[in-house]
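Notes for the one structure printed next.
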Amino acid sequence: MAAVDRNAAALGVSTKQLMESSGSAVARAVRRHADPGASVAVVAGRGNNGGDAFVAARFLDDYAVSTFLLGRRESITTDISRSNWDALGEAELPRETVTDSAQVALGDPDVVIDGVLGTGVTGAPREPERTAIEAMNATDATVVSVDVPSGTDADTGEAADVAVEADEIVTFHRPKPGLLGRDDVTVADIGIPSPAETFVGPGDLQAVTRDPQAHKGDFGRVFVVGGGPYTGAPALAAQAALRAGADLAYVAAPDRVADRVQGYSEDLIVESYDGEVLTADHVPALLDRAGERDVVVLGPGLGSADATLDAVHGFLADYEGRAVVDADALQVVPDVDTEATLVCTPHQGELVKMGGPRSDDWRERRETVENFARDLGHTVLVKGAYDVVTDGETTRVNRTGNPGMTVGGTGDVLAGATGARLAVHDPVEAGALAAYANGKAGDAVVDEQGYGLLASDLLDELPRAFKHDDD
């Protein structure tokens, strides 16, 4: 929901608009439980959940409303929530701050609005939130929770310690996983447009995070199997994997070209094998190496020799890990029975070679590619002016990028970036994030220097393209 909220803002639907709609929905719930004139205690935390509660208090001006902020005004975490707290003061509506658990005294209200902890909070509540939750549970009032009962994990529905015992939960846009199956949930439409979920946007980048205690390798070891006829493609893919967040990038290439691949960057770990192209004889050793890495990127620069395609078939048939399949290797996928988790990254022509549909309209392509991916049994990222990423069930569409990216090699960069994200994300999310950032990097290059970009120009922009507003 945090991602969807931010995507909605990027589409012109501001957080302020969404908070107004959310608070209004909570106020409507209160009106279902009590008539005007009834007493209402609003218990609010310092995040946007509290901001929704402040708005609800403003909409209930024909009730006897008292609003309690758990903390000082300065500790409210967002500008929009702080402005809604200030609006209560400007309107001279009753409000007070609670900075000590001993100060929690709700009286005997008819209704309590629980706006203490939102969907992003997990674990046992701290003070004064814990005491406030106990105080709400101790009243005889009807309790209306904002989005999720405070103290309840929105993903699991479990409570680490105490949690609000709500009579009604007003959740926004979609039911949260931890609320499924409950009969006390009202799902309120707050005006989030469907494109905020369909199109990949800046909110999705919030999934690109790092634990401060992380170690080398925690964010992926990517193994690019490519090269032979071509040397630039595997080098671009491996460098893109590093630029997209992987910790280590390996390249397996024929010894005839391994030195040239290494020459593109000292950051690559190049592992050569005998011969001029990939053949079935190389597969057992490659499978052993792949078992030591998190993701394989299979295809960049391999070529389409019959012996190479037979090797790709043999590799996929015995591989059980995660892989991005690109370029000539794609045509093998429909004919191989594999336990591997694949993200296939064809352009429209390669998709047709795989037996997939051709469509110029992105809406039609979305539907036909979704059906194709479902039949294929793998995630497909079809490149185009509008990229479509789908596993047959979940589908995302990406609109970043520009006509300058028709230059050769940009698909190799995308394959490598997808490999990096596949090391730490589910397949559709990995493809969506990589497509968005790859296109965003291309847009940045064109904005700076115009058309005529090189695929290698995208590499320096990729880290910035994956950066989100909180970084």
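Quick notes on this one:
- Selection status of residue 375, of a type in the set (Asp, Glu), surrounded by fewer than 20 Cβ atoms within 10 Å (Cβ to Cβ), under 26 Å from the mean Cα position of the chain (by Cα) and within 29 Å of residue 439 (Cα to Cα): yes
- Scanning the stretch 283-304 for residues that are outside any helix (DSSP H, G or I) and open to solvent by 50 Å² or more (accessible area, probe 1.4 Å) yields a count of 4.
- The single condition among (1) open to solvent by less than 10 Å² (accessible area, probe 1.4 Å); (2) within 35 Å of the chain's Cα centre (by Cα); (3) within 19 Å of residue 250 (Cβ to Cβ) that residue 278 does not satisfy is (2).
- Each residue in the stretch 112-122 was checked for being at pLDDT 95 or above and open to solvent by 30 Å² or more (accessible area, probe 1.4 Å), and 0 pass.
- Of residues in the stretch 231-268 being out of contact with any helix residue (DSSP H, G or I) (no Cβ under 8 Å at 6 or more places or on another chain) and assigned to a loop (DSSP other than H, G, I, E, B), the one surrounded by the fewest Cβ atoms within 10 Å (Cβ to Cβ): 266
- Failed item, numbered, when residue 205 is tested on (1) of a type in the set (A, V, I, L, M); (2) assigned to a helix (DSSP H, G or I); (3) surrounded by fewer than 17 Cβ atoms within 10 Å (Cβ to Cβ): (3)
- Conditions (1) in contact with a His (Cβ under 9 Å, 6 or more places away or on another chain); (2) within 30 Å of residue 196 (Cα to Cα); number of the one not met by residue 115: (1)
- Condition check for residue 339: of a type in the set (Asp, Glu) and out of contact with any strand residue (DSSP E or B) (no Cβ under 9 Å at 6 or more places or on another chain): yes
- Any hit, the stretch 406-414, residues being open to solvent by less than 10 Å² (accessible area, probe 1.4 Å), among the small types (Gly, Ala, Ser) and within 27 Å of residue 315 (Cα to Cα): no
- Residues of the stretch 159-182 include at least one that is acidic (Asp, Glu), touching a Gly at 6+ places or on another chain (Cβ under 9 Å) and either open to solvent by 40 Å² or more (accessible area, probe 1.4 Å) or touching a residue at least 12 places away in the same chain (Cβ under 8 Å) (or both).
- Exactly one residue out of 125, 109, 149 is within 20 Å of residue 75 (Cα to Cα), at pLDDT 90 or above and either open to solvent by less than 50 Å² (accessible area, probe 1.4 Å) or of a type in the set (Ser, Thr, Tyr) (or both): that is 125.
- Hits in the stretch 187-202 - residues which are open to solvent by less than 40 Å² (accessible area, probe 1.4 Å) and either without any contact (Cβ under 8 Å) to a residue 12 or more places away in the chain or β-branched (Val, Ile, Thr) (or both): 190, 192, 198, 200
- Inclusion of residue 439 among residues that are out of contact with any helix residue (DSSP H, G or I) (no Cβ under 6 Å at 6 or more places or on another chain), under 24 Å from residue 344 (Cβ atoms), surrounded by 24 or more Cβ atoms within 10 Å (Cβ to Cβ) and modelled with pLDDT of 95 or more is warranted.
The values are calculated or read from the model by the stated rules, or taken from the named source; none is laboratory data. This structure is a prediction, so every number in the text was calculated from the model and none was measured. Here the Cβ is made from the backbone with ideal geometry for all residues, glycine too, and neighbour counts use every protein chain on show. These accessible areas exclude ligands, DNA and RNA; they are computed on the full protein's heavy atoms, side chains included. Shrake-Rupley method; radii C 1.70, N 1.55, O 1.52, S 1.80 Å.
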